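**Q** Sharing a structure here in structure tokens format.
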Amino acid sequence: MPELPEVEVVRLGLEAHVLGHPISSVEVLHPRPVRRHLAGAADFAARLTGRTFTAARRRGKYLWLALDDGDALLGHLGMSGQMLVQRPGVPDERHLRVRLSLTPQDGPELELRFVDQRMFGGLALSDGGAVLPPEIAHIARDPLDEDFDDSAFVRRVRHSDSGIKRMLLNQGIVSGVGNIYADEGLWLARVHGERPGSRLSRADIERVLSGCRQVMLEALAQGGTSFDALYVNVNGQSGYFDRSLKAYGRESEPCPRCGTPIRRIAFMNRSSYFCPVCQPVPRVRRKPAA
């Protein structure tokens, strides 16, 4: 699944290519990607036609294109979604679901294409959502947001007995940190993902937050993480940060820091990867005898 750096790469591409260009037509080729627009595909197309994108914004893994009428086109890439900018005449992608034709005033026409093989992602119109769509107002800011409150995050973690990785994946506490970057940030911080927040020091939590930031910024600089052909930016180019991962997906390979084989354990229907020496498993506290 695309994580924060991948979504930010897409947002930057949209910001560079689609703003200020009127939407001349909208074609919904499959209804599922616009299922959250309850008025239906025809209304979705009619309300977008003639509008102009004025800004490209993101909150965690959600991104949206602000419209000149104060509404927004809200998108989520799901497991396999792509937002591609193409020239008309370029053959349609196999899993093309929605096509928006744009008419720049000073250049050739463009198409913004939403491609989604598995169709877990989607697009929807958000009424009055240009600044922040109300549908995602409950989602916390992400560590790369300049308004992210580090102190509030530390307090929230230290008042919880949940494991730190579980909290990193809780979008109500911090957004945008998915399974890959949680494992990488925890490895950098030398903290096991199952350590309860209440048993972490402020310094521990700050190292975890710093580690997540570091790995996401590095991924962003390299265009994100790409394990197959599903994730691409708006130009169809894949990221290459998977070559730089230190823990995630490296089961039995030597830890780059100490040489101990990386371990994998089951975690929330997914997997966690960690170094058993650099990130020791937390001891289970025994309850005192009655």
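**Q** Within region 73-87, can you find the residues that are farther than 18 Å from ALA16 by Cα, surrounded by fewer than 18 Cβ atoms within 10 Å (Cβ to Cβ) and in contact with a strand residue (DSSP E or B) (Cβ under 8 Å, 6 or more places away or on another chain)?
**A** Hit for region 73-87 is GLY78, nothing else.
**Q** Which pairs turn up if I take residues in region 51-66 that are under 15 Å from SER175 (Cα atoms) and look for partners that are surrounded by 19 or more Cβ atoms within 10 Å (Cβ to Cβ) and aromatic (Phe, Trp, Tyr) with beta carbon separation below 8 Å, at least 6 apart in sequence or on another chain?
**A** The qualifying pairs are ARG57/TRP64; ARG58/TRP64.
**Q** A further question follows. For ALA124, state whether it is within 26 Å of TYR273 (Cβ to Cβ) and open to solvent by 10 Å² or more (accessible area, probe 1.4 Å).
**A** Spelling it out, it is not the case that ALA124 is within 26 Å of TYR273 (Cβ to Cβ) and open to solvent by 10 Å² or more (accessible area, probe 1.4 Å).
**Q** Okay, next question. All but one of (1) in contact with a strand residue (DSSP E or B) (Cβ under 7 Å, 6 or more places away or on another chain); (2) over 12 Å from SER272 (Cβ atoms); (3) touching a residue at least 60 places away in the same chain (Cβ under 8 Å) hold for ASN179, so report the exception by its number.
**A** The failed condition is (2).
**Q** Take the residues of region 1-46 that are under 30 Å from SER271 (Cβ atoms), touching a Lys or Arg at 6+ places or on another chain (Cβ under 8 Å) and not in a loop (DSSP other than H, G, I, E, B): which is most open to solvent (accessible area, probe 1.4 Å)?
**A** Ranking the qualifying residues of region 1-46, first place goes to ARG32.
**Q** Right, something else. Please go through region 47-72 and give me each residue that is open to solvent by less than 30 Å² (accessible area, probe 1.4 Å), outside any loop (DSSP other than H, G, I, E, B) and more than 18 Å from GLU6 (Cβ to Cβ), ordered by number.
**A** Across region 47-72, the qualifying residues are LEU48, THR52, PHE53, ALA55, ALA66, LEU67, ALA72.
**Q** Looking at this structure, is ARG158 basic (Lys, Arg) and either in contact with an Asp or Glu (Cβ under 9 Å, 6 or more places away or on another chain) or under 25 Å from SER272 (Cβ atoms) (or both)?
**A** For ARG158, the condition - basic (Lys, Arg) and either in contact with an Asp or Glu (Cβ under 9 Å, 6 or more places away or on another chain) or under 25 Å from SER272 (Cβ atoms) (or both) - is met.
The values are calculated or read from the model by the stated rules, or taken from the named source; none is laboratory data. Treat the numbers as computed from the prediction; the structure is a model and nothing was measured. FYI the Cβ positions are ideal-geometry reconstructions off the backbone, even for glycines, and counts take in every protein chain you see. Calculation scope for accessible area: heavy atoms of the full protein, side chains included, ligands and nucleic acids excluded. Shrake-Rupley method; radii C 1.70, N 1.55, O 1.52, S 1.80 Å.
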